[in-house]
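Worksheet: the structure to be examined is printed underneath.
The values are calculated or read from the model by the stated rules, or taken from the named source; none is laboratory data. From a predicted model like this one, the values you see are computed outputs, not experimental measurements. Cβ: placed from backbone, ideal geometry, glycine included. Neighbour counts: every protein chain shown.
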Amino acid sequence: MDLSPDAALVVIDVQQGFLDLDFWGPRDNPAAEANVAALVAAWQGSGRPVVLVQHASRSSPPLFDGTPGYAFQDVVADVDPALLVRKSVNSAFYGTPDLRAWLDAAGIRQVVLCGIQTNQCVETTARMAGNLGYDVLVPLDACHTFDLAGPDGTVLAAADLARATAVNLHGGGFARVVATADLVASA
């Protein structure tokens, strides 16, 4: 794997509020948090930058700023990030401080994206990163999402949504979908 020595690991929305399955419903990939932890450890061990992204939701109470759900999950709570981005929309590129400005100022051209939710904030950030010209890697096994209902009430399972994200990102040329183990071995 061609991992840049300064590749930034961007951990998206790994927050306590996503543990509220009564609110979110069934999820996929129970190994996601362990894989996030492995990536964080590899990045910290190699001196590569870790960026944490925190979502202040306008519509999902478990993620409202100022609530316990807004806090990071234990797996990333002790990380001292090179950058902490706070956002209220799906893309980490529309947060504060400006992720793109920080990446560009640091000369970083490769980003590794992981976190929650696979088909929403991770996929949206990956699409934007690809459109902005970054080399984007997404270890899908370090992401998870939840079942989701469409406009006609049809519910798609979280695993199906994650597979669709993999196809969208890979097939659309936005990102390379990779495995956590490969990234950890390369770091």
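Some observations on this one:
- Remark: pairs (first residue in the range 141-165, modelled with pLDDT of 95 or more; second residue among the charged types (D, E, K, R) and part of a helix (DSSP H, G or I); Cβ separation under 6 Å; 6+ apart in sequence or on different chains) = THR165/GLU123.
- The residues listed here are VAL111, VAL85; of these, the one that is crowded, with 19+ Cβ neighbours inside 10 Å, closer than 14 Å to ASP13 by Cα and modelled with pLDDT of 95 or more is VAL85.
- Any hit, the range 163-178, residues being touching a His at 6+ places or on another chain (Cβ under 6 Å), under 17 Å from ALA32 (Cβ atoms) and in a strand (DSSP E or B): yes
- Selection count, the range 1-58, where residues are part of a helix (DSSP H, G or I), within 23 Å of VAL136 (Cβ to Cβ) and of a type outside the set (Phe, Trp, Tyr): 14
- Strands (runs of 3 or more DSSP E) contained entirely in the range 59-151, each with at least 2 residues that are more than 21 Å from LEU161 (Cα to Cα): 83-87, 110-116
- Condition check for VAL79: touching an Asp or Glu at 6+ places or on another chain (Cβ under 8 Å) and surrounded by 14 or more Cβ atoms within 10 Å (Cβ to Cβ): no
- From the list TYR94, TYR70, the lone residue that is out of contact with any Lys or Arg (no Cβ under 9 Å at 6 or more places or on another chain), more than 26 Å from VAL184 (Cα to Cα) and among the aromatic types (Phe, Trp, Tyr) is TYR70.
- Residue in the range 1-18 that is without any contact (Cβ under 8 Å) to a residue 40 or more places away in the chain, among the hydroxyl-bearing types (Ser, Thr, Tyr) and touching an Asp or Glu at 6+ places or on another chain (Cβ under 9 Å) present: no
- Residue in the range 92-108 that is among the polar types (S, T, N, Q), surrounded by 14 or more Cβ atoms within 10 Å (Cβ to Cβ) and out of contact with any Leu (no Cβ under 8 Å at 6 or more places or on another chain) present: no
- Checking LEU183, LEU148, LEU161 one by one, the residue that is more than 21 Å from VAL40 (Cβ to Cβ), under 16 Å from the mean Cα position of the chain (by Cα) and not β-branched (Val, Ile, Thr) is LEU161 and no other.
- The set of residues in the range 47-67 being within 18 Å of VAL111 (Cα to Cα) and touching a Leu at 6+ places or on another chain (Cβ under 9 Å) consists of ARG48, PRO49, VAL50, VAL51, LEU52, VAL53, GLN54.
- For the range 34-53, the tally of residues that are surrounded by fewer than 23 Cβ atoms within 10 Å (Cβ to Cβ) and under 14 Å from ALA92 (Cα atoms) stands at 1.
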